[in-house]
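Worksheet for the structure shown next.
Read-outs throughout are calculated quantities, based only on the coordinates presented, and are distinct from any laboratory measurement. This one's a predicted model, so the numbers in the text were calculated from it and none came from an experiment. Here the Cβ is made from the backbone with ideal geometry for all residues, glycine too, and neighbour counts use every protein chain on show.
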Amino acid sequence: MLPAIFGLAGESLSAEEKALFSACDPAGYILFGRNIRDAAQVRALTDELRELAGRDDLLIMIDQEGGRVARMKAPLWPSFPDAAQFDALYERAPSSAIEAARANGRALGAILREAGITANAAPVLDVRQPGASDIVGDRSFGAEPMRVAALGRATLDGMRAGGVVGIVKHMPGHGRALVDSHLELPVVSANIMDLEWDIAPFRALNWAPIGMTAHVVYTAWDAERPASLSPTVIDGIIRGAIGFDGLLMSDDLDMKALNGPADELAEAVVAAGCDLALNCWGRMDEMTAIAARLPEISDLARERLARAMVTIAPGPDDWSLDESLATRDLLLRQGLI
């Protein structure tokens, strides 16, 4: 198995993709809007990926946070609120906000599971900071770490009940970044004590099955390398200070915060301590080069992957999708409308 997650070029697998994926057996896949036409097509695509891999528990992920980050869009699928709405509700009714986040996560999970998707790149556990880039902004559950942790936990629990595993991001915290890491490399100069604020939600939820790193330099920890490429940050902060022992993937290798060929970056993030390298754009030349360069997945990473995917089996007491949406909408109205 290759320690990588690959994107796909279109709405169905090409002959080239089938040949490459059969040969290298990537650990998982990620879907984007270019891969999505309607419910039947998405389910056929995810079924094809599972058949190709020979694994029912295949990691097939998507970015479906809600708000401005949604690959499956209305009117074909329900719209979901951004994290800031739960933060606003928490101001008025904390218990209702937590229950709404849980119901929202459950509905999200049910919709994704129906499409054959097994993992969602949410919740965002970055603590919002004044004056920072809007790349986090309304995707954050707030400016107070324990509120972020409480709403993040409810979201994780809800998605798990709905049948998908959540991916906490962006470890060890993207909330202070002054620039968008999709476009350039953020450098955070906060001191170690201030950064305790940022890592607090991740420490509170360090049992999460899967996490994603941030392409951000934290000068207090490693002034030379962003977290995704830093053994110091991954081993000392994410695995050490935070205590995270789940499956750790990099953020997308094609983001402009990183510099270099995708295959070299994939090798570097795995060498730094990421279990999986995330390559989103489905470019055949990049994926072929990554497959040629990366080693076999480590035994520990394989175990973490298996452990993460075991957590998604729905229980017999799951709510229906309609019940989850109705409960979520009622609780949101109580606080916001």
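Using only the alpha carbons of region 212-316, determine the length spanned along each of the three principal axes and report them from longest to shortest in whole angstroms.
46, 38, 23
Restricting to the chain, what percent of DSSP beta bridges are antiparallel, rounded to 5?
Antiparallel: roughly 10 percent of the beta bridges in the chain.
Assigning unit charges at the beta carbon (Lys, Arg +1; Asp, Glu -1) and nothing else, what dipole magnitude in debye, to the nearest 20, does region 1-140 show about its Cα centre?
220 debye
Restricting attention to region 68-160, which trypsin sites (Lys or Arg not before Pro) occupy a DSSP loop and are surrounded by at most 16 other Cβ atoms within 10 Å?
Counting only loop positions with at most 16 other Cβ atoms within 10 Å, the trypsin sites (Lys or Arg not before Pro) in region 68-160 are ARG68, LYS73.
Translational diffusion coefficient of region 253-304 at 25 °C, 0.890 mPa s, Stokes-Einstein with Kirkwood Rh over Cα pairs, in µm²/s as a whole number.
Once the numbers are plugged in, D ends up at 215 µm²/s.
So for region 48-151, averaging the separation of alpha carbon pairs under 8 Å that are six or more residues apart and normalising by length, what relative contact order in percent results?
Relative contact order of region 48-151: 31 percent.
I'd like the antiparallel share, as a percent to the nearest 5, of DSSP beta bridges with both residues in region 1-138.
Counting DSSP beta bridges with both partners in region 1-138, the antiparallel share is about 15 percent.
May I ask for log10 I(q)/I(0) of the chain at q = 0.11, 0.13 Å⁻¹, from a Debye sum over the Cα atoms as equal point scatterers with solvent left out?
Debye output, listed in q order: -0.65, -0.93.
Would you pull out the residues with amide H under 5 Å of LEU278's amide H, same chain only if 5 or more places away, H placed 1.01 Å from N?
Placed amide hydrogens put ILE5, SER250, LEU253 under 5 Å from LEU278.
Where does region 70-179 land on Rg/Rh, using Cα atoms and the Kirkwood Rh?
0.97
Relative contact order, percent, of the chain when contacts are C-alpha pairs under 8 Å separated by at least 6 residues?
For the chain, the relative contact order is 20 percent.
Return the percentage of antiparallel bridges among DSSP beta bridges fully within region 94-231, rounded to the nearest 5 %.
Within region 94-231, antiparallel bridges account for around 10 percent of the total.
If the label point is 7 Å along Cα→Cβ of ARG302, which residues in region 227-268 have backbone nitrogen under 13 Å from it?
From region 227-268, the list is empty.
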